[in-house]
Amino acid sequence: MTGLILLLLYVALFVGAMLLVGLATRGRKRRDFTALKTVTFGDESAVRPNRAASVISVVVIFLLWGAFTGSSLVPVHVPGPFTGDTSFTYTARNAGGAEDEATVFLRVFPLGEQPPEIEAEPGEGFARNDAAMIAAYRSELVRADRNDEGEDVEVVAVEGQPIAPGVTVAFADGEVTMTPRGSLNVSPARGLQMEEIWLPSPESVVAALVDIATNGFQNVPLWEHLFYSLMRVLVGFAIGAAVGIPLGYAMGLNDWFRGWFDPIVEFMRPVPPLALIPLVIIWFGIWETGKIVLLFLAALWIMAIAARAGVSGVNITKVHAAYSLGASKAQILRHVIIPNSLPEIFTGARVAMGVCWGTVVAAELVAAQKGVGMMIIAASKFQSTDVVLMGIILIGIIGFGIDILMRKAENWLVPWKGRS
Amino acid sequence: MTGLTIDDVSMRFDLPSGSFVQALKNVSLDLRAGELMSVLGPSGCGKTTLLNIVAGFLAPTGGEVVLNGHRVTGPDAERGMVFQQGALFEWMSVRENVEFGPRMKGTPVAERRATADRLLQITGLGDFKDKAIYELSGGMQQRVALARCLANDPDVILMDEPLGALDALTREKMQGLVLKLWKETGKTIILITHSVEEALLLGERLLVMAPRPGRIHREYRLPFAEMGVNQDLREVKKHPDFGKRREEILSMIWEMEEEIMGRTESA
Ligand SMILES: Nc1ncnc2c1ncn2[C@@H]1O[C@H](COP(=O)(O)OP(=O)(O)OP(=O)(O)O)[C@@H](O)[C@H]1O
Ligand SMILES: [Mg+2]
């Protein structure tokens, strides 16, 4: 239910923002080359991300997040769970067939708070009033007939509506269901907001970040968790590249190497690194060696295949030209084949970095003392969803940062990529 | 003995299917040092194959190529090649491309820099020395390729449709440049082209090849290259003999092409 409302709201915000921004920027034409094109639909180069859309998209996510978690950072909220005092009436019938009405008083309090107990006057008649304390989002069993006077008293209606085992009746601030044994299961209205344990509000995530950044997580500072994960990725990737690139070159330049390693590389390529975790743990243990070996294996095949493709992709006229200009084999390797393969190698390195980052987090989920993966899995065991969410956001930001750095390095080192 | 001798060269490609292609059959040719020869012929008659054999990229299945008294067994700096396109190194600047040959030989920096500067000046690229290859137009890239080849000071320059990818105007300017450089440097040049006009303008000698098997069909000696050295190329084209030759060669190539078409249709 909440999910459907969330989806509809999201679609509405998407369309609404599009129309609004379209209206606001109408009349303001772009004065660049793209504006001169008469055909833009289907021309991929004419599609550039609408910056306003990107900004609004991020804002919308925060708004929805805040609105559905009752965040104080966001001005509007969807209805939250009911809290405060409320009541409903029930009708009891005794063995003699007489009926009497009584009230159940409820005090619904936010989880974690300890408000004073609610008291109820016994009231008139054989049916006596009851009182119950319920935490928000929880439900409580009320044996309304227990304190009623007489034998064989049973509840027959709630708020005037007949009730029987399995039947649910709504009252002003929630609903009541009768259990098979005749108790009343009272659930105050939950509203549309998420419980903190399902989805913490933005400020609790920020608070978790501040707390862990200052106090550390399980006696290890935050930066050390991040550093361990990053260090594993860098070391594993570096060893993988240091072995994989020469291997790929050898495979691209020599038929024996090609024949020997082709079956191995082609076999290992489709094996996801995650599938290797159990074997690596058995062989190398759960500590640093195991993780580095795993990341090495994750990067190795990708880099070998990229280097092989880089060599195979060299235009034979370039090699011929170099020979005609008097270059030796070693000079051709150094000045033609290696530079020519750099774009492919960079593409491979970007893929490998992404895979390594994903793999390290997964490996830390399985076993580690330090690292962001370990941090979120340990937090999830204590149901600290705020720390879990913070960890996921950090993992995303760092992965994104790595990719941006790789792209910058690529632009700087192989400016000719895709332009020959 | 100086000069290039192509002695009874044959080339046969064995295909995986078991059949074969006779790309060249008994081709013999003598070029004196400093001669400029253009080669024409219908598509598939073995022009590129012949050039690749002279360059040393392919070993002929029969005959041999001899340059200045020694047999050609592989590529070497004495035989420079200008390709149609795609042979420049994108990871080097214009100047580094031109310096490539001397650098491989270990020529001192100052010397090879001076050579590159001079050749870039001659080819009109003085202002583009430090540009990247992908920042140049197609015509400029071909001038870089020409300068790179010349910087290495080869005895023979082999060109496989070097101007094929250029527009008419740029092409005409480049033709003038080739003639000028030929006269100034006195290199032996073999130039493959698909344009009859270009073959007439840029050949002291003009070789017409015939296909299946690839062989020499006819050879001409022409005055137009010599004329073009001190004259505007358009003036040369107006020469009455030029038109006559052009028609003659065009109809000859047409005949060959039609024969090929007929043969493939009947087959
Ligand atoms: N590596 C090869 N393997 C098999 N056949 C080949 C090979 N190279 C060339 N041939 C064949 O040899 C013949 C001559 O080819 P070549 O490329 O020399 O022709 P060309 O005269 O340069 O043609 P074009 O004017 O189209 O460039 C063609 O029939 C071609 O199919
Ligand atoms: Mg050809």
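The values are calculated or read from the model by the stated rules, or taken from the named source; none is laboratory data. Nothing here was measured: the structure is a model prediction, and the numbers come from that model. Quick reminder, even Gly has a Cβ in these numbers, built from the backbone with ideal geometry, and neighbours come from all protein chains shown. Only protein heavy atoms, including side chains, enter the accessible area calculation; ligands, DNA and RNA are left aside. Shrake-Rupley method; radii C 1.70, N 1.55, O 1.52, S 1.80 Å.
Taking the stretch B:148-189 and a reference point 7 angstrom along Cα→Cβ of residue B:117, the backbone N atoms nearer than 18 Å belong to B:148, B:151-152. Relative protection proxy for A:180-188, B:130-138, from highest mean packing down: A:180-188, B:130-138 (other beta-carbon atoms within 10 angstrom).
With r defined as the distance between the Cβ atoms of residue B:153 and residue A:331 and R0 fixed at 25 Å, what FRET efficiency is calculated, to the nearest 0.05? It comes out at approximately 0.90.
Within chain B, the whole DSSP H helices whose Cα atoms reach 24 Å or more along their own axis and whose mean Kyte-Doolittle score is at least -1.0 are B:168-185, B:240-266. Summary of packing: across the peptides B:139-146, B:12-19, the per-residue average of other C-beta atoms within 10 Å ranks them, highest first, as B:139-146, B:12-19. Take the Cα of residue A:403, step 7 Å toward its Cβ, do the same at residue A:168, and the gap between the two points is 4.1 nm. Among A:52, A:92, A:352, which one shows the biggest mean-square fluctuation in a GNM of chain A, springs joining Cα atoms closer than 10 Å? Of A:52, A:92, A:352, the Gaussian network model singles out A:52 as fluctuating most. Once the Cβ-Cβ distance of residue B:73 and residue B:17 is raised to the sixth power relative to R0 = 30 Å, the FRET efficiency obtained is 0.50.
Karplus-based coupling profile of the stretch A:187-197, in residue order and whole Hz: 10, x, 4, 8, x, 10, 6, 7, 6, 3, 6, with θ = phi - 60° in 6.51 cos²θ - 1.76 cosθ + 1.60 and x standing for Gly or Pro. Taking all Cα pairs closer than 8 Å and separated by 6 or more residues, the relative contact order of chain A comes to 12 percent. Return the lysines within reach of residue A:381: Cα separation strictly under 17 angstrom, same-chain partners fewer than 8 residues apart disregarded; answer none if there are no such residues. Filter leaves A:370.
Listed values for the stretch A:322-338 are Karplus-derived 3J(HN,Hα) couplings in whole Hz (6.51 cos²θ - 1.76 cosθ + 1.60, θ = phi - 60°), namely 5, 4, 5, 8, x, 6, 7, 4, 5, 5, 5, 4, 6, 9, 10, 5, 5, and x replaces Gly and Pro. Projecting label points 7 angstrom from Cα along Cα→Cβ for residue B:173 and residue A:147 puts them 10.3 nm apart. Summing charges over neighbours of residue B:213, with a neighbour being any other residue whose Cβ is under 10 Å away from its Cβ, gives +4 when K and R count +1 and D and E count -1. Please find the FRET efficiency linking residue A:111 to residue A:260, where r is the Cβ-Cβ separation and R0 is fixed at 60 Å, and quote it to the nearest 0.05. About 0.40, to the nearest 0.05.
Surface composition of the protein assembly as shown: carbon and sulfur make up 59 percent of the accessible area, probe 1.4 Å.
Positive contributions from Lys and Arg (+1) and negative ones from Asp and Glu (-1), summed over other residues with Cβ under 12 Å from the Cβ of residue A:133, come out at -4. Relative contact order, whole percent, for chain B stands at 24, derived from Cα pairs under 8 Å and 6 or more residues apart. Rounded to the nearest Å, what's the spacing between the alpha carbon centres of the stretch A:1-59 and the stretch B:167-214? Just the number, please. If you average the Cα positions of each part, the centres end up 56 Å apart.
In straight Cα distance, which lysines are under 26 Å from residue B:244, not counting same-chain residues fewer than 8 positions off? Within the straight-line limit of under 26 Å, residue B:244 reaches these lysines: B:47, B:173, B:180, B:183. Net charge of the neighbourhood of residue A:90, taken over other residues with C-beta under 9 Å away and scored Lys/Arg +1, Asp/Glu -1, is -4.
Note on B:70-82: average number of Cβ atoms from other chains within 10 Å of each residue's Cβ is 3. For peptide B:103-111, the mean count of partner chain Cβ atoms within 10 Å of a residue's Cβ comes to 2.
Each distinct pair of alpha carbons in chain A adds a 1/r term; the inverse of their mean, the Kirkwood radius, is 27.8 Å. Counting Cβ atoms of other protein chains within 10 Å of each Cβ in B:88-95 and taking the mean gives 5.
Inter-part distance, the stretch B:100-149 to the stretch A:366-420, computed on C-alpha centroids, equals 45 Å. Can you tell me which of B:52, B:97, B:230 moves the most in a GNM of chain B? Springs connect C-alpha atoms under 10 Å apart. It is B:230. Computed extension gain for residue B:64 through residue B:229, at 0.36 nm per residue and net of the alpha carbon distance, reaches 56.1 nm. With both labels modelled 7 Å from their Cα along Cα-to-Cβ, the residue A:382 to residue A:275 distance reads 3.7 nm. Among A:235, A:177, A:247, which residue has its Cα furthest toward the positive end of the charge dipole of chain A, with +1 on Lys/Arg Cβ and -1 on Asp/Glu Cβ? So the residue we want is A:247. Report the residues of the stretch A:287-309 in range of a label on residue A:231: point 7 Å along Cα→C-beta, backbone N strictly under 12 Å from it. Label zone hits: A:288-289.
Beta bridges assigned by DSSP with both partners in the protein assembly as shown are antiparallel in approximately 70 percent of cases. Proximity of backbone amide H atoms, modeled 1.01 Å from N, is registered between residue A:130 and A:103, A:104, A:105 at under 5 Å, excluding neighbours fewer than 5 places apart on the same chain. Straight Cα distances below 25 angstrom link residue B:105 to the lysines A:318, A:329, B:129, B:131, B:187, with same-chain residues fewer than 8 positions distant left out. For the set B:91, A:357, A:412, solvent exposure ranked by accessible area (probe 1.4 Å, protein chains only) runs largest to smallest as A:412, B:91, A:357. For the stretch A:145-264, a simple Cβ point-charge model (Lys and Arg +1, Asp and Glu -1, everything else neutral) yields a dipole of about 1160 debye relative to the Cα centre.
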